[in-house]
């Protein structure tokens, strides 16, 4: 290569630099693709966790609604019994049979 002209050496160096640049850009692209895939994997895992949490919360809400309905029925029964007892007490105090 010592016999090559300086212009040939510069041309070969430029070609080598271009080749190195292409290789580096290809490596960067692969790295970016790997990073994007890793981010996508993390997002998919997080989405699955959130969906599971949403299902759990839905079940809890359904349980609470059921408990609320049962409690409302008990309160209504208790209030009805208290009202009947109060009417009986008023009637007894007034001497009126119920």
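All of the numbers you see were taken from the coordinates with simple rules; none came from a lab. Bear in mind that the values here come from a model prediction, so they are computed numbers and not experimental data. Cβ atoms come from the backbone with ideal geometry, glycine included; neighbour counts cover every protein chain shown.
The table below gives the values:
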{"item": "Among 65, 34, 15: highest mean-square fluctuation, GNM of the chain, C-alpha pairs under 10 Å", "result": "15"}
{"item": "R0 of 35 Å, Cβ-Cβ distance residue 15-residue 35: FRET efficiency to nearest 0.05", "result": "0.70"}
{"item": "Nitroxide proxy distance, nm - points 7 Å out along Cα→Cβ at residue 54 and residue 85", "result": "4.8 nm"}
{"item": "For mean projected area of the Cα convex hull in nm², calculated from these coordinates, the label among [x] 11.1; [y] 5.7; [z] 6.2", "result": "[x]"}
